[in-house]
Amino acid sequence: MLRAEGLSKRFGGLNAVQDVSFTQYEGEILAVIGPNGAGKTTLLNLLSGVYRPSAGRLHLLGQDVTDAPIEHRCWLGLGRAFQIVRPFPEMTVHENVTVGALFGQRGMTLPTARERAYDLLERTGLAAHADKAAHELTLLQDKRLEVARALATQPQVLLLDEVMAGLRPAEAQEAVSLVRSVRDSGISVLFIEHIMPVVRDLADRVVVMDQGQVLAQGTYREVTGNPQVVAAYLGTEAELQA
Ligand SMILES: Nc1ncnc2c1ncn2[C@@H]1O[C@H](COP(=O)(O)OP(=O)(O)OP(=O)(O)O)[C@@H](O)[C@H]1O
Ligand SMILES: [Mg+2]
């Protein structure tokens with residue numbers, strides 16, 4: 001689905017992402033973890049096309065998209081939910097998702113987009129809130145809306161940046177179920193997450209980043225048993241063990 005080869009991004013003298021390589025296979029849930037400032041969000045920005053890499057190549061569904069703009073990647077099948085959720089606050093929940101459906105696919109008509117948006121609100125548990133203004137939603141509902149908007153673009157790969165952050169444990173568990181149901185519908189998921197129990201429960205494979213580089217890749221057990229990974233998390237060991 002995705003293949004990154006030596007992806008790098010410099011900001012002035014800082015190597016925010018350096019020589020990152022990984023492959024995501026079809027149907028896989030891949031987690032990207034690492035301490036604050038490790039380069040996770042920058043990597044997602046490289047994948048989604050917000051930034052051009054300083055070096056390296058990116059393939060999406062077998063096509064080289066290294067220089068492709070955001071909307072081209074979206075049309076090819078890459079969807080993204082942001083760490084900082086920014087719905088259109090005065091529009092209704094349904095309208096917000098309709099926008100995703102309308103602009104995420106070429107040739108989409110408004111009636112079809114509206115219908116698809118209703119389906120997605122049902123799937124993400126927001127149907128009862130369809131006609132509320134987006135700014136009236138709770139944090140959990142905001143996160144669901146962000147996922148619904150990303151799904152509205154009909155992705156084959158969905159990128160999620162800390163969609164569980166700030167949620168209570170029971171709410172995070174609901175979000176985990178939602179991500180599983182997304183995968184079960186045939187969409188590959190790449191997610192960034194700090195909450196380790198969520199990573200353990202969801203990820204087929206984990207990529208660990210530290211200071212812009214990939215420190216380790218493997219199953220949750222493999223990477224959390226890796227002494228280098230433990231060292232990178234020193235001071236946050238409790239988090240790793242959780
Ligand atoms: N637009 C930018 N300009 C300059 N420096 C940046 C920019 N974006 C990120 N950085 C720097 O790049 C490094 C990686 O940041 P990034 O946001 O990718 O980390 P992260 O792993 O997502 O962290 P967090 O877990 O806190 O979200 C940090 O040192 C950050 O300050
Ligand atoms: Mg981040």
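The values are calculated or read from the model by the stated rules, or taken from the named source; none is laboratory data. Nothing here was measured: the structure is a model prediction, and the numbers come from that model. Positions of Cβ are generated from backbone atoms using ideal geometry, with glycine treated the same way; all protein chains shown enter the neighbour counts. When the accessible area is computed, the model is the full protein with side chains, heavy atoms only, and any ligands, DNA or RNA have been set aside. Shrake-Rupley method; radii C 1.70, N 1.55, O 1.52, S 1.80 Å.
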Could you put SER181, SER48 in order of accessible surface area, largest first, with the 1.4 Å probe and the full protein assembly present?
SER181, SER48
Of LEU2, THR41, THR92, which is farthest on the positive side of the dipole of the chain, counting Cα position, with +1 on Lys and Arg Cβ, -1 on Asp and Glu Cβ, and the Cα centre as origin?
LEU2
For the range 112-242, give the percent of accessible area contributed by carbon and sulfur heavy atoms, probe 1.4 Å, rounded to a whole number.
48 percent
Low-density loop GluC sites (Glu not before Pro), the range 86-189, at most 16 other Cβ within 10 Å, DSSP non-H/G/I/E/B, are GLU90
Residue farthest toward the positive end of the dipole of the range 2-241, with Cβ of Lys/Arg at +1 and Asp/Glu at -1: which of ALA134, ALA16, ALA232?
ALA16
Give the shape of the range 1-153 as rounded, prolate or oblate, defined through the alpha-carbon gyration tensor: a ≥ b ≥ c are the square roots of its eigenvalues, a/c under 1.5 means rounded, and otherwise the shape is prolate if a/b is larger than b/c and oblate if not.
prolate
Can you tell me, using C-alpha contacts under 8 Å and at least 6 residues apart, the relative contact order of the range 2-241 as a whole percent?
26 percent
List the residues whose amide H sits under 5 Å from the amide H of ALA216, counting only those 5 or more places along or on another chain, with H placed 1.01 Å from N in the peptide plane.
VAL208
Taking the Cα centre as origin and putting +1 on Lys and Arg beta-carbons and -1 on Asp and Glu beta-carbons, what dipole magnitude results for the range 88-219, to the nearest 20 debye?
300 debye
Compute, for the chain, the length of the dipole vector about the Cα centre, with Cβ point charges of +1 (Lys, Arg) and -1 (Asp, Glu) only. Units Debye, rounded to 20.
380 debye
Per residue solvent-accessible surface (Å²) - the chain, probe of 1.4 Å:
45 Å²
Computed ³J(HN,Hα) along the range 20-31: with the Karplus parameters 6.51/-1.76/1.60, θ = phi - 60°, integer Hz and x for glycine or proline, the list is 8, 10, 6, 10, 10, 8, 4, x, 8, 9, 10, 9
In whole Å, how far is the Cα centre of the range 156-210 from that of the range 35-70?
19 Å
Place +1 on the Cβ of every Lys and Arg and -1 on the Cβ of every Asp and Glu in the chain, take the dipole about the Cα centre, and give the residue among THR124, SER185, LEU76 whose Cα lies farthest towards its positive end.
LEU76
Based solely on its DSSP helices, what 222 nm [θ] is calculated for the chain when runs of n ≥ 4 H residues each add -39,500 (n - 2.57) and the sum is averaged over all residues, nearest 500 deg cm²/dmol?
-11500 deg cm²/dmol
